[in-house]
Amino acid sequence: MKKRIAAALAVLLLLMGLVPAMSIAKPLPLRVEVNTKRIYFPDEQPYVDKAQRVQVPVRFVSEALGAKVGWNATTKTVTVDLDSNRVVLVLSSKKYTVNGVEKQMDTAAERVGGRTFVPLRFISEGLEASVKWDSAVRTVYINTVGFEPSEDKQGSDQVVEEDIYGFKVKHNTGSGLDITQGLYDPIEKPTYALIDLLINFSFIGNDYDKQVQEVEDILLQKIDEETVNSIMKYVRTKTSEEPELKMKTFTDKTYKIYVGSNINSGISITVFYK
């Protein structure tokens, strides 16, 4: 009897020890905000596709951005009109047009579950709205005020310099680093981010080491060296997109920096004032 009890206890302890390993942590839900207002999707939900682009139901574009959406089932073509801007996409095609000018993207509109989904960044920018993706909190921030098209910075062969709240940055260096100005405003939005830096893994031609070096160079301009060293040491623990990098906060006398990455995502380094 004692042997049976001991054996049963051993099995129970073994099973208890396996519970944490068997449980799978659920990722944060994907959120979308337009001009700081969160958008809710009552049925079909946005998702991140294989190209690491956020896809949203096309109905969102008409309801949240105020655009007029058309659908031609015969040609499988989506048209999106807002003011004087028109974006045209064809399902499964990486080519699209903005006001008649043909452009190229790294993903395509898709049909999922009988619904049409469109890549949020390309639609939003085609309608003259800026887009920021924060992978640490899985949130897309869309701003329809003060838009600066990303293709002006990264869509040509010319390196473009920009000053973002005192951080001097360079776009289109060939590294693949995504640099986005935050929505900070000293009066209306004092707690919003100043700048977001996203180290990308998934696109062909991206240079991880160069992205890391560019991040370090940017941070050292305004943040004390000891803090930057700690940040970069943490960043360098993730060298491929698969593992998770739990969100961690770093601070100096002036700034607060969030660093993190979900599974199969780039590394987000977001800078705030303390």
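Read-outs throughout are calculated quantities, based only on the coordinates presented, and are distinct from any laboratory measurement. What you are looking at is a predicted structure, and each value in this text was computed from that prediction instead of being measured. Neighbour counts run over all protein chains shown; Cβ positions are idealised from the backbone, glycine included.
Side notes on the structure shown:
- For residue 256, distant residues with modelled amide H under 5 Å away: 272, 273, 274
- For the residue pairs 170/246; 50/246; 50/274; 50/132; 189/246, the C-alpha atoms sit more than 24 angstrom apart in 170/246; 50/274; 189/246.
- Inter-label distance, nm, simple model (7 Å from Cα along the C-beta direction), residue 49/residue 221: 3.3 nm
- Global form of the range 89-136, assessed from the alpha-carbon gyration tensor, a/c cut-off 1.5: oblate
- This ranking places 31, 236 by how few other beta-carbon atoms lie within 10 Å of each, fewest first, which gives 236, 31.
- Cubic angstrom per residue, convex hull over Cα atoms of the range 115-274: 126 Å³
- Ranking of 133, 71 by count of other Cβ atoms within 10 Å, fewest first: 71, 133
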